[in-house]
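Since the structure comes first, as structure tokens, the remarks are kept for the end.
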Amino acid sequence: MNITHAYAAQDAKSKLAPFDYKPRELRAHDVQIEVLFCGVCHSDLHQARNEWQNTIFPVVPGHEIVGRVTATGAHTQKYRVGDLVGVGCMVDSCRSCPSCQEGLEQYYEEGFVPTYNGQDRETKAVTYGGYATSVVVHEDFVLRVPENLDLAGVAPLLCAGITTYSPLRHWNVGPGKKVGIVGLGGLGHMGVKLAHAMGAHVVLFTTSPSKIEDGKRLGADEVVISKDPQQMAQHTNSFDFILNTVAAQHDLNPFINLLKRDGNLTLVGAPEHDHPAPHVFDLIFKRRSVAGSLIGGIAETQEMLDFCGKHNITSDIELIAMNQINEAYERMLKSDVKYRFVIDIDTLRQESAA
């Protein structure tokens, strides 16, 4: 019998622990993937602990998946056994609404099917994620991974990478643009790398002087300590675009004031509580805007992977064994990682075979 070994949380108070399940039979256009690496996203922790009050237990987290195809459905056309592939934050959508038709499945009006903690559109079975030895996904939601990149470092690109790439592309970041990245964590460090590779002048905003050197190593042309009013004032009315990756509640007005006329501040960090409302006149008098952005569509995610392959971009990671996941969650709460944990799923296979 085909069994998938995984780690799951059984309730909001329990630690993640070994969990076996039987995956669905391959449908005509499915791809079965042997998971090699899976990134650890902060949303995994939110879901495992039911902090968003929508978790379906048991939950197998993980939506930054890299692996190899081990089987395909009878009519699968895009992938063959042995192909190196990835799976990101979603595994299905309606395919027919305006957003899906435009390649923006992440904005599907009824909500896309998340890689885990969702429900299959056909059977309503709960979806399980990449903290597992294998996953089964429709070929339309599988991505091709560049062979030249470090595979463990690729895994976070499937969430942190596309979450920052999509708004950078949407707001036409490139040569001649001055771009700010707020925060240097899992998302922010990818924002710096990508904006630098796009040819922009990149300014990192951080509250931590200890991150100045690392910010410049990652590609920032300048680093500003955002709690220093004098440093902030030197950049007033000068930014074309600012990407805010911070997931903690804070005042947006100091960053809005740095935007040029028609400049944009886009939020991708998801705080537990909303930010205070911005000052309306700071928006009106410069025609500035504040927006949000959610991951990216499948086509754009593939574009991002190809871009990273061309520019040799991967995430800065710390590789862990599957049985270190609970410790990793506690360290993640303390921001004690540079800059993303990635699970070596071979350690799960070895553990399950012992």
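The values are calculated or read from the model by the stated rules, or taken from the named source; none is laboratory data. All values derive from a computational prediction rather than experimental measurement. Every residue, glycine as well, gets a Cβ built from its backbone with ideal geometry; the counts of neighbours run over all protein chains shown. Just the protein is used for accessible areas: all its heavy atoms, side chains included, with ligands, DNA and RNA removed. Shrake-Rupley method; radii C 1.70, N 1.55, O 1.52, S 1.80 Å.
General observations
- Enumeration of residues in segment 160-171 that are open to solvent by 20 Å² or more (accessible area, probe 1.4 Å) and either in a loop (DSSP other than H, G, I, E, B) or of a type in the set (F, W, Y) (or both): W171
- G199, sole failed condition from (1) out of contact with any Pro (no Cβ under 6 Å at 6 or more places or on another chain); (2) modelled with pLDDT of 95 or more: (1)
- For segment 38-57, a residue qualifies if it is hydrophobic (A, V, I, L, M, F, W, C), open to solvent by 40 Å² or more (accessible area, probe 1.4 Å) and at pLDDT 95 or above, and the qualifying residues are I56, F57.
- G82 without any contact (Cβ under 8 Å) to a residue 40 or more places away in the chain, under 25 Å from L149 (Cα atoms) and out of contact with any His (no Cβ under 8 Å at 6 or more places or on another chain): yes
- Restricting segment 78-101 to residues that are in a loop (DSSP other than H, G, I, E, B), open to solvent by 30 Å² or more (accessible area, probe 1.4 Å) and at pLDDT below 95 leaves a set whose member that is nearest to A152 (Cα to Cα) is R95.
- Taken over segment 114-136, the criterion of being part of a strand (DSSP E or B) and under 15 Å from Q47 (Cα atoms) is satisfied by P114, Q119, V126.
- Which listed residue, of L319, L333, L305, is open to solvent by 30 Å² or more (accessible area, probe 1.4 Å) and touching a helix residue (DSSP H, G or I) at 6+ places or on another chain (Cβ under 7 Å): L319
- Qualifying positions in segment 140-159 - part of a helix (DSSP H, G or I) and either within 18 Å of L36 (Cα to Cα) or without any contact (Cβ under 8 Å) to a residue 40 or more places away in the chain (or both): F141, L151, A152, G153, V154, A155, P156, L157, L158
- Filter result for F241 (touching a Ser or Thr at 6+ places or on another chain (Cβ under 6 Å) and aromatic (F, W, Y)): no
- Members of segment 237-258 found to be part of a helix (DSSP H, G or I) and open to solvent by 40 Å² or more (accessible area, probe 1.4 Å), listed by number: P254
- Members of segment 133-169 that are of a type in the set (D, E, K, R) and in contact with a Lys or Arg (Cβ under 9 Å, 6 or more places away or on another chain): E139, D140, R144
- Residues of segment 293-311 that turn out to be out of contact with any Gly (no Cβ under 9 Å at 6 or more places or on another chain), assigned to a helix (DSSP H, G or I) and of a type in the set (S, T, Y), as a count: 0
- Verdict on T127 being crowded, with 18+ Cβ neighbours inside 10 Å, on the phi < 0 side of the Ramachandran plot and hydroxyl-bearing (S, T, Y): yes
- Boolean, E300 is under 16 Å from the mean Cα position of the chain (by Cα), open to solvent by 20 Å² or more (accessible area, probe 1.4 Å) and modelled with pLDDT of 95 or more: yes
- Filtered residues of segment 271-285 (kept if surrounded by fewer than 13 Cβ atoms within 10 Å (Cβ to Cβ) and within 17 Å of H250 (Cα to Cα)): P271, E272, H273, D274, P276, A277, V280
- Applying the criterion of being among the aliphatic types (A, V, I, L, M) and open to solvent by less than 30 Å² (accessible area, probe 1.4 Å) to the residues of segment 58-77, the residue that is nearest to the chain's Cα centre (by Cα) is I65.
- Any hit, segment 108-124, residues being modelled with pLDDT under 95, farther than 24 Å from F341 by Cβ, under 16 Å from the mean Cα position of the chain (by Cα) and not β-branched (V, I, T): yes
- Exactly one residue out of G199, G188, G174 is touching a residue at least 12 places away in the same chain (Cβ under 8 Å), open to solvent by less than 20 Å² (accessible area, probe 1.4 Å), under 19 Å from I162 (Cα atoms) and assigned to a loop (DSSP other than H, G, I, E, B): that is G174.
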